[in-house]
Amino acid sequence: MPVRLPTPSRSGSGLSYLIAQSYRCLSYPRQARTSFLTLSTHTFSSSKAWKLKSRHSTAMAGLFQLLHMRCSPPNDPQDISFSGKVVLLTGATSGLGFEAAIKILNLGADRLIIGSRDIERGKAARMEIERATHRPNTIKVWELEMSSFQSVKSFTDRVNAELPRLDIALLNAGIWNAAYNQSAEGWEETLQVNTLSTSLLALLLIPKLRRSATATEPAHLSVVSSQKFVRVKAETLQTDDLLLPHLNQQVNFNGPKQYSISKLLLEFMVKKIAGLSRNEDGSHPLIVNTVSPGFCASGLGRQYNQWYEKCFMWLFTKLLARTSEEGSRSLVSATVQGVESQGKCWYSDTYVNESRALTTGPHAEELQEKVWAEVIAVLEEEAPEVSIISRGVYQGV
Ligand SMILES: NC(=O)c1ccc[n+]([C@@H]2O[C@H](COP(=O)([O-])OP(=O)(O)OC[C@H]3O[C@@H](n4cnc5c(N)ncnc54)[C@H](OP(=O)(O)O)[C@@H]3O)[C@@H](O)[C@H]2O)c1
């Protein structure tokens with residue numbers, strides 16, 4: 001028998017309407033999904049008050065989008081096999097990475113290498129993951145501090161020396177800092193962890209990944225991004241100076257904005273790396289993409305710990321977040337996508353719409369080249385092999 005959904009009053013304020021809608025959607029997710037979407041589309045298109053002209057309505061549109069996302073989690077990739085595969089995963093000590101590790105082992109991976117900045121925390125996660133999957137002695141925990149280029153280099157040296165092959169690399173470690181914090185190497189931490197070190201790690205892993213590919217099975221490099229990159233405004237990147245030193249200054253720092261910018265720059269880097277992964281004969285030995293899990297309950301916002309921030313986060317998460325398990329589904333399914341996903345951002349079983357992002361449009365190429373040139377210049381200083389890998393040359397690396 002069809003369930004009658006309570007109809008929220010249309011006369012209340014935007015917030016009460018949203019809360020009523022949230023309640024409706026969360027209480028009857030399956031039935032509400034279609035009607036909710038129809039109703040919200042109708043609401044946005046027919047009522048002047050809800051037109052996406054003001055900042056208020058844009059924010060409401062964002063909230064509706066989150067609600068829809070919360071009510072329609074991505075498919076759980078249970079019908080794939082990682083049997084025989086060697087997988088590398090960063091950021092597996094909590095949240096999405098931890099849940100992804102469980103899935104990867106349940107899907108039969110031969111070996112899982114976890115990069116963790118704290119070996120004890122990494123070992124504790126290993127115990128829990130192995131216990132949950134009944135796959136003892138499958139995980140290795142290797143030290144990786146993403147706020148240090150030297151640590152990234154040592155980690156990839158170890159990958160090259162000790163792993164016979166590497167089929168999948170899922171680069172998930174990331175941060176969302178509230179306060180300005182500089183790494184020992186002089187970079188604002190969000191920028192270093194999310195953009196610079198993740199790009200360095202990706203570049204240094206490419207030769208090994210390419211060598212592990214077979215004629216029928218490409219290797220995969222998936223990098224965890226965030227669809228927040230779509231909302232970055234061109235003004236925030238405007239400077240007569242170089243972009244990275246500009247973003248590195250404390251006066252230009254704003255936690256949430258810096259997070260989105262760090263992921264936008266990462267998108268540019270990954271798109272360019274994907275462009276390099278095609279062989280001259282047109283074959284693709286390596287699939288390179290990014291993945292956005294959507295808003296998920298995890299430890300990511302742990303630095304926003306003022307009482308009012310905690311209250312807001314708690315409510316926001318309760319109403320609108322996916323679980324980490326749901327988000328991790330996208331992380332895992334990103335690593336089995338085909339050549340059509342090259343350079344794209346995988347999100348909820350499809351791809352992020354980038355039509356309004358700085359990654360498309362008239363200045364996208366110019367901006368991408370600027371970001372690429374600046375990031376590569378920084379990374380070459382730290383690891384000379386970057387200069388040949390970034391030109392698409394992999395022999396002897
Ligand atoms: N949750 C969301 O709503 C959401 C949405 C979009 C994208 N994402 C992305 O998803 C990824 C995972 O985030 P999460 O939500 O699962 O957050 P999380 O629970 O905070 O997990 C972050 C992971 O990254 C690791 N990490 C952080 N800084 C590191 C460093 N300097 N060196 C090495 N490892 C480091 C953490 O290790 P420690 O245990 O050592 O701290 C942890 O394992 C991030 O890239 C994030 O940007 C999350």
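Observations on the structure shown:
- Out of Glu99, Glu128, Glu145, Glu185, sole residue that is closer than 21 Å to Lys263 by Cβ, among the charged types (D, E, K, R), within 13 Å of the ligand (Cβ to nearest atom) and not in a loop (DSSP other than H, G, I, E, B): Glu99
- Meets criteria (charged (D, E, K, R), within 16 Å of the ligand (Cβ to nearest atom) and over 16 Å from Asn289 (Cβ atoms)) for Lys233: no
- Hits in the range 230-249 - residues which are hydrophobic (A, V, I, L, M, F, W, C) and closer than 19 Å to Val378 by Cβ: Leu237, Leu242, Leu243, Leu244, Leu247
- Positions within the range 154-190 being free of Cβ contacts under 8 Å to residues at least 60 places away in the same chain and aliphatic (A, V, I, L, M), in sequence order: Ala161, Ala184
- Matching residues, the range 290-339, being assigned to a loop (DSSP other than H, G, I, E, B) and closer than 30 Å to Arg278 by Cα: Ser292, Pro293, Gly294, Thr335, Val336, Gln337, Gly338
- One residue stands out in the range 73-96 among those that are assigned to a strand (DSSP E or B) and away from the ligand (no atom under 16 Å from the Cβ): the one that is surrounded by the fewest Cβ atoms within 10 Å (Cβ to Cβ), namely Ser83.
- Identity of the residue in the range 270-285, outside any helix (DSSP H, G or I) and of a type outside the set (Ser, Thr, Tyr), that ends up surrounded by the most Cβ atoms within 10 Å (Cβ to Cβ): Pro285
- Of residues in the range 149-174 being in contact with a Lys or Arg (Cβ under 7 Å, 6 or more places away or on another chain) and not in a loop (DSSP other than H, G, I, E, B), the one nearest to Val288 (Cα to Cα): Ile168
- Any hit, the range 292-302, residues being surrounded by 20 or more Cβ atoms within 10 Å (Cβ to Cβ), more than 16 Å from the ligand (Cβ to nearest atom) and either under 30 Å from His363 (Cβ atoms) or not small (Gly, Ala, Ser) (or both): no
- Of all residues in the range 168-182 being more than 12 Å from the ligand (Cβ to nearest atom) and buried (at least 23 other Cβ atoms within 10 Å of the Cβ), the one that is nearest to Gly97 (Cα to Cα): Ala169
- Condition met for Glu309 (within 16 Å of the ligand (Cβ to nearest atom), in the same structural domain as Asn353 (by TED's automatic domain parsing) and crowded, with 22+ Cβ neighbours inside 10 Å): no
- Selection within the range 130-143 - more than 16 Å from Val86 (Cβ to Cβ) and either of a type in the set (A, V, I, L, M) or surrounded by 17 or more Cβ atoms within 10 Å (Cβ to Cβ) (or both): Glu130, Ala132, Thr133
- Residues (under 29 Å from Pro218 (Cα atoms), free of Cβ contacts under 8 Å to residues at least 24 places away in the same chain and out of contact with any helix residue (DSSP H, G or I) (no Cβ under 8 Å at 6 or more places or on another chain)) located in the range 315-368: Glu340, Thr350, Ser355, Thr360, Ala364, Glu365
The values are calculated or read from the model by the stated rules, or taken from the named source; none is laboratory data. This structure is a prediction, so every number in the text was calculated from the model and none was measured. Methodologically, a virtual Cβ is constructed for each residue, glycine included, from the backbone with ideal geometry; neighbour enumeration extends over all protein chains shown.
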